[in-house]
Protein chains: 4
Amino acid sequence: MSFAYSRTIHFADTDAAGVVYFARYLSICHEAYEEALAAAGIDIKNFFSATGVMIPVSRSETKYLRPLVVGDKILVNARPEFITENTYAVRYEIVKLGKVEKLIAEARTEHVCIDAKTRERQPLPHHLAAWVNQTTTQV
Amino acid sequence: MSFAYSRTIHFADTDAAGVVYFARYLSICHEAYEEALAAAGIDIKNFFSATGVMIPVSRSETKYLRPLVVGDKILVNARPEFITENTYAVRYEIVKLGKVEKLIAEARTEHVCIDAKTRERQPLPHHLAAWVNQTTTQV
Amino acid sequence: MSFAYSRTIHFADTDAAGVVYFARYLSICHEAYEEALAAAGIDIKNFFSATGVMIPVSRSETKYLRPLVVGDKILVNARPEFITENTYAVRYEIVKLGKVEKLIAEARTEHVCIDAKTRERQPLPHHLAAWVNQTTTQV
Amino acid sequence: MSFAYSRTIHFADTDAAGVVYFARYLSICHEAYEEALAAAGIDIKNFFSATGVMIPVSRSETKYLRPLVVGDKILVNARPEFITENTYAVRYEIVKLGKVEKLIAEARTEHVCIDAKTRERQPLPHHLAAWVNQTTTQV
């Protein structure tokens with residue numbers, strides 16, 4: 001089961017080549033990730049101070065298949081999966097909407113849960129583990 | 001009459017001070033402007049090549065009243081008004097949604113219509129003039 | 001006396017219109033402001049936690065005169081001035097370098113010093129006041 | 001042989017977690033790539049219109065090892081290498097300068113040369129091939 005996030009491409013997403021700037025794809029994927037967490041009832045505004053952990057991105061990769069231009073409507077499908085008890089990945093598909101849907105890009109981020117002070121690896125907080133699990137097991 | 005654009009604040013909008021980066025307010029306002037044009041039937045993807053004009057921002061100002069953090073839901077009200085036959089302004093109010101709505105920021109951009117090649121001032125293309133006029137006269 | 005900051009325009013600064021995105025001018029000005037503080041011996045990394053104050057931007061305005069494209073070399077002149085004992089402004093001129101120097105944009109930001117907890121206005125910390133003063137009196 | 005690009009971290013690079021936003025690492029790497037091309041005498045402002053090709057990023061990956069904060073001084077080492085006659089990669093190492101240099105992140109981008117109109121794959125323009133080759137053979 002994946003979370004679907006829709007979005008329109010704006011001028012701020014593009015560069016002088018006329019299309020979306022390549023690094024921006026990861027920002028757009030992260031928006032989808034944030035919305036997926038919010039939809040799962042995780043209040044990202046207070047989550048980190050409340051749990052004492054940080055969950056930085058430790059790795060990312062993106063495969064760019066087709067360009068996007070200003071005004072394009074896209075859908076980002078985000079799907080988490082456990083790697084270990086303190087790391088997980090999120091896979092993203094960016095699809096351009098229209099008469100014919102087109103796969104624009106695929107991305108993947110890895111996240112590692114660490115103590116905000118010691119930076120030692122920590123098991124995921126319960127709510128977050130449930131979010132990763134639920135979507136993993138329902139695939 | 002103003003156009004209302006809603007938006008959630010994401011990590012990419014913020015900086016290390018923990019709140020939305022000040023220059024980002026203008027990007028968010030420009031998103032609202034693009035959505036207002038799209039809602040008025042103006043296809044920004046092809047508008048400039050089709051009409052042979054460019055309409056750069058010639059001036060902007062922003063008044064920052066309150067901070068915004070990740071997860072905040074905002075509404076941007078955008079309202080255009082003619083200045084001369086080849087210039088117009090757009091006024092923006094950014095409001096944070098919640099139990100009590102709060103005015104977060106006010107902004108204003110000025111736009112000038114020029115020929116894409118000669119850079120001489122041009123009257124606004126018909127559709128765009130109609131958009132500025134409609135909203136102006138309905139206030 | 002003003003602080004001079006030089007910079008090259010990169011793809012990430014531009015949008016699909018082929019030139020620097022209008023909101024980016026303020027980011028570029030803020031880079032110059034940060035470098036000016038650093039050059040004055042103010043360690044922005046620790047300044048705010050050390051002094052217990054925040055100094056958000058309360059107002060900004062920009063006048064866009066000419067476009068900038070990828071590869072352009074620019075100089076940003078930044079010059080602070082006191083408004084009151086707890087507010088100051090910074091004026092910026094963005095100049096394009098080359099055979100003939102061209103004024104590209106002018107901007108101005110206003111900053112207000114507040115207590116990080118109570119958000120009450122505070123006099124500027126000594127070092128920062130000295131920076132504003134020095135440049136003001138040496139004009 | 002790799003090209004070295006130095007840079008200071010600014011507020012606009014960071015997010016509310018207090019460190020550089022993960023997608024920003026790729027922008028910073030692309031700045032290094034643009035500077036490396038410029039240093040090799042390739043005028044990116046006119047390169048694409050002059051040669052009739054586009055060279056979009058087709059793939060990127062980043063490994064994030066340590067955080068960066070506002071004011072950090074970094075060095076980005078960029079090193080190109082051929083993959084095929086119409087594709088090449090650039091490898092990046094981001095290093096934090098200081099008493100002890102620390103490896104902050106590693107990234108890699110893949111680039112494919114296509115005709116700007118037909119989008120068919122093309123051999124690299126001469127100057128660009130020379131840049132990729134020179135650095136490759138001098139390793």
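A short reminder: the numbers here are calculations on the coordinates, not readings from a lab. Keep in mind that this is a model prediction, so the values were computed, not measured. A quick note on method: Cβ atoms are made from the backbone with ideal geometry, for glycine too, and the neighbour counts reach across all protein chains shown.
From its DSSP helices (H runs of at least four residues, each -39,500 (n - 2.57)), the protein assembly as shown gives a residue-normalised ellipticity at 222 nm of -8000 deg cm²/dmol.
The HN-Hα couplings worked out from phi for the range B:109-125 by the Karplus form 6.51 cos²θ - 1.76 cosθ + 1.60 (θ = phi - 60°) are 10, 10, 10, 10, 8, 10, 5, 5, 9, 7, 6, 7, 5, 10, x, 5, x Hz, whole numbers, x standing for Gly and Pro.
Translational diffusion coefficient of the range C:3-137 (Stokes-Einstein, Kirkwood radius from Cα pairs, 20 °C, 1.002 mPa s): 136 µm²/s. Comment: the Cα-to-Cβ extended label point of D:A116, at 7 Å, lies 1.3, 5.0, 5.0 nm from its counterparts in the other copies, nearest first. Across A:V20, A:V100, A:V57, mean-square fluctuation computed from a Gaussian network of chain A (C-alpha pairs under 10 Å connected) peaks at A:V100. Note on D:A4 and B:L97: the model spin-label points, each 7 Å out from Cα along the C-beta direction, lie 5.2 nm apart. With a Förster radius of 35 Å applied to the C-beta separation of D:N46 and A:A38, the computed FRET efficiency comes to 0.20.
Two numbers describe the Cα atoms of the range C:1-77: Rg and Dmax, which are 14.6, 43 Å. Counting only other chain Cβ atoms within 10 Å of each residue's Cβ, the peptide D:108-114 averages 1. Residues D:T118, B:T51 in ascending order of nearby Cβ atoms (within 10 Å, fewest first): D:T118, B:T51. The alpha carbons of the protein assembly as shown stretch over 53, 53, 48 Å along the principal axes, in descending order.
Out of A:H126, A:H30, A:H111, any idea which swings most in a Gaussian network model of chain A, alpha carbons joined below 10 Å? Greatest mean-square fluctuation among the candidates belongs to A:H126.
Relative contact order of chain C, taken over Cα pairs closer than 8 Å and 6 or more residues apart, is 29 percent. A simple rule links phi to the HN-Hα coupling: the Karplus curve 6.51 cos²θ - 1.76 cosθ + 1.60 with θ = phi - 60°, which for the range A:7-12 gives 6, 9, 7, 10, 3, 5 Hz, with x for Gly and Pro. Around the amide H of C:A116, modelled in the peptide plane, lie the amide H atoms of C:V53, C:M54, all under 5 Å away and 5 or more residues distant in sequence or on another chain. Take each residue of peptide C:30-40, count the partner chain Cβ atoms within 10 Å of its Cβ, and average: the result is 3.
Greater than 31 Å separation of Cα atoms is the criterion. Which listed pairs, A:K45/B:K63; B:K63/C:K117; C:K45/D:K63; A:K63/D:K96; A:K73/C:K102, meet it? Among A:K45/B:K63; B:K63/C:K117; C:K45/D:K63; A:K63/D:K96; A:K73/C:K102, the Cα-Cα distance tops 31 Å for A:K73/C:K102.
Helix B:24-39 and the longest principal axis of the Cα set of chain B meet at an angle near 50°. More than 16 Å apart: what percent of Cα pairs in the range A:89-128 qualify? Cα-Cα pairs of the range A:89-128 separated by over 16 Å account for 58 percent. With a 10 Å cut-off around each Cβ of C:53-65, the average count of Cβ atoms from other chains is 5. Among chain A residues, the beta-carbon with the smallest distance to the axis carrying A onto D is reported, with distance in whole Å, as A:E61, 2.
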